[in-house]
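Participant: If you scroll down you'll find the structure; I have some questions about it.
Just so it is clear, none of the values below were taken in a lab; they were calculated from the coordinates. Note that the structure is a prediction, hence the values are computed from the model and not measured. Note that we place each Cβ from the backbone using ideal geometry, even for glycine, and neighbour counts take in every protein chain shown.
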Amino acid sequence: MTTVSLSSADAATLSTDVLVVATAPAAGRRKGAVLVGAAASLKSAPKRRLEESLAALGATGKPGDVVRLPGAGIAAAPVVLAVGLGVGPWGEEALRRAAGTAVRALPGTRRALLALPADSASALEAIAQGALLGGYEFRTYRVDSKSSRKAPLDRAVLHVADAKDAASLAALGRAKTISGAVNLARDLVNTPASDLVPADFAAAAIAAAEGLPITVEVLDEAALADGGYGGILGVGRGSAHPPRLVRLAYRPEGATSQVAFVGKGITFDTGGISIKPSLNMHEMKSDMGGAAAALAAVVASARLGLDVDVTSYLCLAENMPSGTATKPGDVLHTYGGTTIEVLDTDAEGRLVLADGLARAQEDKPDVLIDIATLTGAAVIALGSRTFGIMSNDDALRSHVHDAAGRVGEASWPMPQPEELRVRLDSHVADIANIPLVGRREGGMLSASVFLKEFVESGQRWAHLDIAGPAYNTHAAHDYTPRGGTGAAVRTLVQVAADLATGN
């Protein structure tokens, strides 16, 4: 993993393997790129030489533009890497993406100085996050292939005006904490399901909370049965690896607000008796991305010392077909007492969330948010980089959307049409887990309408469907790797931070 530090030394003379400079498209009729940030203050001769070389190499300064050239006659670094920012002014996400793009372009490099426009604490934090997230790679299972792949950039040094400035150091600390939480979620999502059955996930949660002011409670299959958690038990019934419910509580002294996160944690999803097609089923190890985000969010909140109570519930089960598995037509008795007719065992995430939502409300949170890789319909509607937000409270839905935008995560508010509820009526139970008719219509929305049935009147609640962005099946981009992305972690932490400050 890439590490990050600060330096206020002269970017042109600092000894480093690579000097990363920022560019933007030239203004007016000029073509090509111009230097911005610290590189714009280079001495006239090196600056002219660098801009001429960039023009000759076709640099555009557009976002994602990367040009590598020799540093001779420009800086002490043997290599200069120019990364495009696009047209200014640049928001935090533009800086975050540029830093991630630069770091991803430097595998096998020991040290790089990033001279990007870090002219405020928030800009510095974004650049540091981009570097730390862009320098992520999951290498746990590489043995023979490890030596043939260059490791990520070892150390990124960020150029700032004053490396000892308290605000800058605090910003760097926040970036490390939040990026570390995102990378924790990424590691969990990327871990093969054989090594992350529900009991393993519970153990990982205990380990992640070690040394922090977080209390952890784990309910095993016996405790779940005693407590009446029929949704979680029903989903996990077909597996040789029994389910778990993990509760992590961070309770800082004096906090006046409380948020609860409930994460879907299906450690592997075959679909159960309603089995999925085999194509790409290996990606279903990622079906616990919501629980990973909920765990990472409470850990980050504790490390940041946020003045807000945070409780995370991880609803963990493995959905497998077997002689003991839940069958279509079976009825489950959930923790809250509601009965569910299971028409499709591949609509299992909402079953474990039903138990988690009911239990989480006993803590009387001000805000309740569930996070889940819940529906393929979310991917059809919003693509692979945007998660949907549904809520019983318009102001909360807007707030979560705004929080996601502030931290650079793509989201979109979605409705909960009342007419979809009647389609979930069951002939034998209180509710069916999928519509009896019109199953393909508004699948993401009907899933949220189902979950709404398990939220008490007056409880402010939002549902995040992260099925698209939780697992990147395409090429890495910006600071986002292939595989697990840690989707929604930054949004959840920002929501908690907002509550801590009364927003």
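Participant: My understanding is that a pair violates if its Cα-Cα distance is over 27 Å; which of Lys43/Lys164; Lys31/Lys176; Lys276/Lys364; Lys264/Lys452; Lys47/Lys176 do that in this structure?
Facilitator: Lys31/Lys176; Lys276/Lys364; Lys47/Lys176
Participant: Just rank Val449, Val235, Val143, fewest to most, by other beta-carbon atoms within 10 angstrom.
Facilitator: Val143, Val449, Val235
Participant: Can I ask one more? So, in Å, what gap is there between the alpha-carbon centers of region 168-242 and region 436-503?
Facilitator: Going from one Cα centre to the other spans 17 Å.
Participant: Mind running the shape call on region 252-319? Use the C-alpha gyration tensor, a ≥ b ≥ c as the square roots of the eigenvalues: rounded below 1.5 for a/c, prolate if a/b tops b/c, oblate otherwise.
Facilitator: Prolate, because a/c is 1.5 or more and a/b exceeds b/c.
Participant: So what's the angle, to the nearest 10 degrees on a 0 to 90 scale, between helix 443-452 and the longest Cα principal axis of the chain?
Facilitator: 60
Participant: Here's another thing I want to ask about it. Quick one: helix 121-134 against the long Cα principal axis of the chain, what's the angle to the nearest 10°, folded into 0 to 90?
Facilitator: That works out to roughly 70 degrees.
Participant: Per DSSP H run of n ≥ 4, the term is -39500 (n - 2.57); total these for the chain, divide by its residue number, and report the mean residue ellipticity at 222 nm rounded to 500 deg cm²/dmol.
Facilitator: Mean residue ellipticity, 222 nm, calculated: -10000 deg cm²/dmol.
Participant: In addition: Arranged from highest to lowest average of other beta-carbon atoms within 10 Å per residue, in what order do the peptides 238-244, 41-47 appear?
Facilitator: Highest mean packing first, the order is 238-244, 41-47.
Participant: Could you give the distance between the Cα centres of region 268-347 and region 46-116, to the whole Å?
Facilitator: 43
Participant: Only counting other Cβ atoms within 10 Å, I'd like Leu224, Leu212 sorted with the fewest neighbours first.
Facilitator: Sorted ascending by nearby Cβ count, the order is Leu212, Leu224.
Participant: Quick one: longest stretch of the chain between exposed loop GluC sites (Glu not before Pro), exposed meaning at most 15 other C-beta atoms within 10 Å and loop per DSSP?
Facilitator: No qualifying site falls inside 1-209, the longest such stretch.
Participant: OK, next. What's the local net charge at Asp344, with K and R +1, D and E -1, over the other residues with C-beta under 14 Å away?
Facilitator: Spelling it out: positives minus negatives among the neighbours equals +1.
Participant: Turning to a different aspect of this structure: Sort region 1-152 into rounded, prolate or oblate with this rule: let a ≥ b ≥ c be the square roots of the eigenvalues of the Cα gyration tensor; rounded if a/c is under 1.5, and if a/c is not under 1.5, prolate when a/b is larger than b/c, oblate otherwise.
Facilitator: Prolate is the answer for region 1-152, as a/c is 1.5 or above and a/b outweighs b/c.
Participant: Out of all DSSP beta bridges in the chain, what portion is antiparallel? Express it as a percent rounded to 5.
Facilitator: 40
Participant: Another question, if that's okay. Going by alpha carbons, how many degrees (0 to 90, nearest 10) lie between the helix axis of 44-56 and the longest principal axis of the chain?
Facilitator: 60
Participant: Okay, next question. Quote the FRET efficiency, to the nearest 0.05, computed for Ser7 versus Arg48 with a Förster distance R0 of 22 Å and r equal to the Cβ-Cβ distance.
Facilitator: About 0.30, to the nearest 0.05.
Participant: Please give the peptides 256-268, 176-188 ranked by average Cβ packing (other Cβ atoms within 10 Å per residue), highest first, as a rough proxy for protection.
Facilitator: 256-268, 176-188
Participant: Percent antiparallel among DSSP beta bridges with both residues in region 1-100, to the nearest 5?
Facilitator: The answer is about 60 percent antiparallel.
Participant: What is the fewest-to-most order of Ser411, Ser8 by other Cβ atoms lying within 10 Å of their Cβ?
Facilitator: Going from sparsest to densest Cβ surroundings: Ser8, Ser411.
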